[in-house]
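Engineer: I have a structure here, written as structure tokens, and I will follow up with some questions on it.
The values are calculated or read from the model by the stated rules, or taken from the named source; none is laboratory data. It should be emphasised that the depicted structure is a prediction, and the values quoted were computed from it without experimental measurement. Positions of Cβ are backbone-derived with ideal geometry, glycine not excepted, and every protein chain shown enters the neighbour counts. Note: accessible area is taken over every heavy atom of the protein model, side chains too, but ligands, DNA and RNA are not part of it. Shrake-Rupley method; radii C 1.70, N 1.55, O 1.52, S 1.80 Å.
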Amino acid sequence: MRIEGAIMASLKFERAVYLISARILMRPEDAPKTSFIETMNILKGLYLTDRAFAALNDSDGVVDDTVGLTPDAASITNHDLGDVVYISDFREDSENNQTILLITRGDTSISSPAFVHSKERAVRIAKPRKDEAPGHSCHVIFSHEPDKSGGHRVTIEKVANVSRTLVTRFLNSLLRSEARRAGKVFERNLGKPGRVKFHESIEFAHHPGQSLEKDIHDGRVTSITLIARNNEFAGPDDYVRVKKVKRDLALSIDYERDPKRILKWIHDWLPGFAREEKYDEVQFHIEGLNGGKGSASPTFALDKLEAASTLYARTAIIKGFEKPLEQCESECNPEVIKKMQEVHANDENWKS
């Protein structure tokens, strides 16, 4: 085994796409039902009025009193508007019966990008201007029609700093906020009768059928990354606490084609080493799935690593782009959308 440093970066010609199933739930459950299209139209209305916006706190939680406001209105709430998330593009594809979102996140905790001039041995740091923050964006595609299970297919572009959890929190916070603003209530006749407030909620579920144990047998483990997310560090000359330091360690294993030895190594050695070195998550990078065309990168909390049969979200790889991809877009990228729609439409990707 050899140990290498790991880095999270957006690739220029390749992206991973999560395959998710979504349903519309009502809160409370006995509230009148809202259709999937009606829920998408709520998000559309927020986007068109520049209110599909929220500030984020240090733990990536949505700041409630900024949700559903315009950026100008949110600026008077005394929250830092460098750490934000918003819908930067909203499109409807009537031919494919889909809603397409581009969700953008600004994050002031990220270091400024650096560019190296190898001949001059020089480094240039691209500092953000006033009111700017490093940004990332991800495309999300919703199918309007349900599949046989009753869920709606959703594909989410896997991008650093715009996680599935953040997407879920943000969209549902918009729906809650808009329901409050619109004064949505219904008359409850059963139980404790009276007028009750309600709102819509999008429930995202991992596409079923994928497990670490199964994929290690079916595919090829290319590397394993140990992740420490909760470190706090103060440099020797700086007494100011630095938050949100993320420490990664990539393990490249020699017996990548022997699933039995890998699983034994995972159970017998990896947890002890990770705990001793104070890591709290493990991510597996597996290729050669779905007939050699698919891949997966499931992440497990260290205390749940032993549950190798745990289900996780399926991913597909899209690549072969004609133009380089950026880590943040101002509007939907047609090439990304086209390739995500191909993943979306391929029934083989959705078989359990």
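Engineer: For the cross-link pairs 158/214; 214/278; 44/323; 33/351; 148/338, which exceed 31 Å when the distance is taken from alpha carbon to alpha carbon?
Structural biologist: On the way: 158/214 22 Å; 214/278 28 Å; 44/323 29 Å; 33/351 29 Å; 148/338 24 Å.
From 158/214; 214/278; 44/323; 33/351; 148/338, over 31 Å: none.
Engineer: May I pose another question? Probe of 1.4 angstrom, ligands and nucleic acids ignored: what's the accessible area per residue over the range 100-159, in square angstrom?
Structural biologist: Working: 3380 Å² over 60 residues.
Accessible area per residue, the range 100-159: 56 Å².
Engineer: Under a Cβ-Cβ cut-off of 11 Å, what is the net charge of the residues other than residue 15 that fall near it, where Lys and Arg count +1 and Asp and Glu count -1?
Structural biologist: Numbers: positive: 12, 158, 319, 339; negative: 14, 157, 335.
Net local charge, residue 15 excluded: +1.
Engineer: Next up: With charges set only on the Cβ (+1 for Lys and Arg, -1 for Asp and Glu), what does the dipole of the range 35-148 come to about its Cα centre, in debye to the nearest 20? Don't skip to the answer; put the middle values down first.
Structural biologist: On the way: 11 positive and 19 negative charges, 145 e Å.
Its charge dipole is roughly 700 debye.
Engineer: What part of the accessible area of the range 82-149, given as a whole %, is carbon or sulfur when the probe is 1.4 angstrom? Don't skip to the answer; put the middle values down first.
Structural biologist: Values: 1900 of 4040 Å².
Carbon and sulfur: 47 percent of the exposed surface of the range 82-149.
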